[in-house]
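Structure, as structure tokens:
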């Protein structure tokens, strides 16, 4: 998924389906396409070692850099609220993981889809901007992972970032949010065209 979904978004963006993304992310279209291509290719590579006990996947490193870049573009008054929402999402996911006693990380189907639905719900309710939804979901999952790494570090050697299934869960969530945004922008246009066609026919 972490290879396939960015590639699909890239193709749809190039073909004109997701024309709102550059404006929503405040990044030029060609830059988004290049970055998605880099992430897709990087996901095929093995993780690199940061220390003797920690490895990181290159595609996740690219996403983390993008996350920091987008955070800098969010106004300070919104940033404080967004960070609070990330902490809330990450805490809820961490507590659910521990209470439900599911398999570690997102290997559990139940935990993966609970994460997806909760992340989508909080993102849609909290903000209508894709840039903030992206940061909220990524930040929430990052906080959950930090909690799990801290709690289970003795069972994880070496620690591989992200945790198993985290990237797939993130990309599924983000792709659904992009589709929802597309529908939100598309429906008013259809309604406007229907009203225009109705009044034109009536005249």
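The values are calculated or read from the model by the stated rules, or taken from the named source; none is laboratory data. Quick caveat: nothing in here was measured; it's all calculated off a predicted structure. No Cβ is skipped: glycine too gets one built from the backbone with ideal geometry, and neighbour counts run over all protein chains shown.
Listed conditions (1) buried (at least 17 other Cβ atoms within 10 Å of the Cβ); (2) on the phi > 0 side of the Ramachandran plot are all met by residue 26, apart from (1). Given the structure, is residue 44 out of contact with any strand residue (DSSP E or B) (no Cβ under 9 Å at 6 or more places or on another chain) and assigned to a helix (DSSP H, G or I)? Here the answer is no, as residue 44 does not meet what is asked. Of the candidates 151, 177, 164, the single residue that is under 29 Å from residue 40 (Cα atoms) and either more than 15 Å from the chain's Cα centre (by Cα) or modelled with pLDDT under 85 (or both) is 164.
The residues in the stretch 117-134 that are part of a helix (DSSP H, G or I) and surrounded by fewer than 16 Cβ atoms within 10 Å (Cβ to Cβ) can be counted, and the count is 4.
Residues of the stretch 15-70 that are over 19 Å from the mean Cα position of the chain (by Cα) and within 21 Å of residue 176 (Cα to Cα): 15, 16. Among the residues of the stretch 135-168, the one identified as surrounded by fewer than 15 Cβ atoms within 10 Å (Cβ to Cβ) and within 17 Å of residue 114 (Cβ to Cβ) is 164.
Look at the stretch 1-24: where a residue is touching a residue at least 24 places away in the same chain (Cβ under 8 Å) and a partner is surrounded by fewer than 16 Cβ atoms within 10 Å (Cβ to Cβ) and in a helix (DSSP H, G or I), sitting 6+ places away or on another chain with Cβ atoms under 7 Å, you get 10/37; 20/185. Among the residues of the stretch 35-50, those that are over 18 Å from residue 130 (Cβ atoms), surrounded by 16 or more Cβ atoms within 10 Å (Cβ to Cβ) and touching a residue at least 24 places away in the same chain (Cβ under 8 Å) comprise 40, 43, 47.
Out of curiosity, is residue 84 over 14 Å from the mean Cα position of the chain (by Cα), under 17 Å from residue 136 (Cβ atoms) and modelled with pLDDT of 90 or more? Can you show your working first?
Working: over 14 Å from the mean Cα position of the chain (by Cα): yes; under 17 Å from residue 136 (Cβ atoms): yes; modelled with pLDDT of 90 or more: yes.
Taking the combined requirement at face value, the residue satisfies it.
Residue 32 falls short on exactly one of the conditions (1) without any contact (Cβ under 8 Å) to a residue 40 or more places away in the chain; (2) exposed (fewer than 14 other Cβ atoms within 10 Å of the Cβ); (3) in a helix (DSSP H, G or I), and that condition is (2).
Restricting attention to the stretch 74-111, which residues are more than 16 Å from residue 148 (Cβ to Cβ), surrounded by 19 or more Cβ atoms within 10 Å (Cβ to Cβ) and free of Cβ contacts under 8 Å to residues at least 60 places away in the same chain? Once the filter is applied, which keeps residues that are more than 16 Å from residue 148 (Cβ to Cβ), surrounded by 19 or more Cβ atoms within 10 Å (Cβ to Cβ) and free of Cβ contacts under 8 Å to residues at least 60 places away in the same chain, the stretch 74-111 yields 82, 85.
A quick yes/no check of all residues on (1) closer than 25 Å to residue 52 by Cβ; (2) part of a helix (DSSP H, G or I); (3) at pLDDT 90 or above:
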| position | (1), (2), (3) |
| --- | --- |
| 94 | no, yes, yes |
| 106 | no, yes, no |
| 145 | yes, yes, yes |
| 173 | no, yes, yes |
